[in-house]
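Undergrad: This is the structure I have questions about; it appears just below.
The values are calculated or read from the model by the stated rules, or taken from the named source; none is laboratory data. It should be emphasised that the depicted structure is a prediction, and the values quoted were computed from it without experimental measurement. All Cβ positions, glycine included, derive from the backbone under ideal geometry; neighbour counts span all protein chains shown. Keep in mind that these areas ignore ligands, DNA and RNA; they rest on the heavy atoms of the full protein, side chains included. Shrake-Rupley method; radii C 1.70, N 1.55, O 1.52, S 1.80 Å.
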Amino acid sequence: MSQKQFSPVQVLIASTLKPVRDVRAYEKLALSLGETSKYRLNIIGFSDEKAVESGNYRFFSSMSHFGSKLDRLLAQVRFAKKLLDLKPKLLICCTYEYLPLASFFKSFLKYRLVYDVQENYITNLDLNPSLNEVKKKWASYLIRKAEGIKGIDLYLLAETCYSDEMPDKTPFLVLENKYQGAIKEVSQVRLDPTKELKFCITGTLTPAYGTLEGLIWFQKILEAYPHFQLKVIGHCPLDAYKIQLLQQAITCPQIHLEISNSPIAYYRIEQVVINSNAALLPYVIHPAIQEKIPTKLFECAALGIPVLMNQNPTWEKFFNSYQGGITVDFFDKENALTTFQHALDQTYFSTLVPESVLWKSQKLLFQQAIQNLLS
């Protein structure tokens, strides 16, 4: 009797603006499913390169010109074509933009549909200073229409607070943006001001994330510690804000900017964090942000990098459990040196970092949820 040949389940994970090798869509969701050897993983995301193939992973470009409205429109066409070509059994949408087409084709292709809710997109509209009230209402309408489609079998929530903020998104599984890697064993870390300490600001660079305030605050620190260095690397979607950052740092050789109009590969950002002595997270305290746990907190905890953050009970509860950071007021530049002295007096990582900061702590839940969905 001949044994039936095993055929892996076709899975499509789709984003529009996120990089094709995005740290969440690829390194967490795709690689976690790939470990089971049950699936053929196809990933669509932002890329200026042609489709490539690596083992059970295939990569396709959703769009290659980040600011192009035409390319963003064509991304919908490419997505639809890929659905018809691949005929997946499982579709994971990592953006609301693909949901209407995903719902339409589901009735023909009979796949299971998962929506990875990476942001509360409607609340986030309040963080964009370039939107007036008319644009904000129109964007909110489009998002509600897209997210209100029928046929979503499972919601993946990137933040615990989303279950309260978006109670209509059920059934759901919370999958926080925990660190995809191992914990670096460090203890009793001190910031020695006699050394050339390296600080970093990484990720999305916008007013909501306080990047400019972080630069100004650090420049006050340089008055007493001119041998310190700051590396700023990330994607800045607002041209006017990018100009502000460049102008603020132009006369300060200790501040090194690597700002891009399109997403920067995660491994480059991670390397900057690894090579730093401390990370500055000058996030603005805003209702759209204050209950979220920034990805950087998980990363810095695992990598043994102390964090300096604005005061917020949610964040403090997180890093105080292992003495991984301290609060400073990045908006109080006059007292910057005084508050920074508290950071120098602190001993960091005097308690072991828990395994719960790692992606592997929730990976099995994700794998099981997908298996249950397809069975």
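Undergrad: Testing His65 on (1) part of a loop (DSSP other than H, G, I, E, B); (2) buried (at least 16 other Cβ atoms within 10 Å of the Cβ); (3) under 24 Å from the mean Cα position of the chain (by Cα), one condition comes back false. Which one is that?
TA: Condition not satisfied by His65: (2).
Undergrad: Find the residue count for region 1-14, including only residues that are outside any loop (DSSP other than H, G, I, E, B) and either at pLDDT below 95 or of a type in the set (Val, Ile, Thr) (or both). Before the answer, list the steps.
TA: Within region 1-14, the first condition is being outside any loop (DSSP other than H, G, I, E, B), and the residues that meet it are 9-14.
Keeping just the survivors that are either at pLDDT below 95 or of a type in the set (Val, Ile, Thr) (or both) gives 9, 11, 13.
Of the residues in region 1-14, 3 are outside any loop (DSSP other than H, G, I, E, B) and either at pLDDT below 95 or of a type in the set (Val, Ile, Thr) (or both).
Undergrad: So, of the residues in region 17-38 that are in a helix (DSSP H, G or I) and small (Gly, Ala, Ser), which turns out to be farthest from the chain's Cα centre (by Cα)?
TA: Our first condition is that a residue be in a helix (DSSP H, G or I); within region 17-38, this holds for 25-34.
If we keep only those that are small (Gly, Ala, Ser) too, we end up with 25, 30, 32, 34.
Values: Ala25: 10, Ala30: 15, Ser32: 17, Gly34: 21 Å.
My answer is Gly34.
Undergrad: Please identify the pairs in which a residue from region 106-125 that is closer than 12 Å to Cys94 by Cα has its Cβ atom under 8 Å from the Cβ atom of a residue that is assigned to a helix (DSSP H, G or I) and among the polar types (S, T, N, Q), counting only partners at least 6 apart or on another chain.
TA: Filtered contacts from region 106-125: Leu113/Ser103.
Undergrad: Given region 202-282, what helices (runs of 4 or more DSSP H) lie entirely inside it while holding 1 or more residues that are open to solvent by 10 Å² or more (accessible area, probe 1.4 Å), modelled with pLDDT under 95 and not small (Gly, Ala, Ser)? Spell out how you get there, then give the answer.
TA: Numbers: elements: 211-222, 239-249, 266-274.
The qualifying helices (runs of 4 or more DSSP H) are 239-249, 266-274.
Undergrad: Which one of the conditions (1) closer than 22 Å to Leu12 by Cα; (2) surrounded by fewer than 18 Cβ atoms within 10 Å (Cβ to Cβ); (3) basic (Lys, Arg) does Lys136 fail to meet, given that it meets all the rest?
TA: The failed condition is (1).
Undergrad: Gln290 - would you say it is surrounded by 13 or more Cβ atoms within 10 Å (Cβ to Cβ), free of Cβ contacts under 8 Å to residues at least 60 places away in the same chain, assigned to a loop (DSSP other than H, G, I, E, B) and on the phi < 0 side of the Ramachandran plot? Working first, answer last.
TA: Working: surrounded by 13 or more Cβ atoms within 10 Å (Cβ to Cβ): yes; free of Cβ contacts under 8 Å to residues at least 60 places away in the same chain: yes; assigned to a loop (DSSP other than H, G, I, E, B): yes; on the phi < 0 side of the Ramachandran plot: yes.
Taking the combined requirement at face value, the residue satisfies it.
Undergrad: Given (1) under 18 Å from Ala102 (Cβ atoms); (2) within 19 Å of the chain's Cα centre (by Cα), where does Ala75 come up short, assuming only one miss?
TA: Ala75 satisfies all of (1) under 18 Å from Ala102 (Cβ atoms); (2) within 19 Å of the chain's Cα centre (by Cα) except (2).
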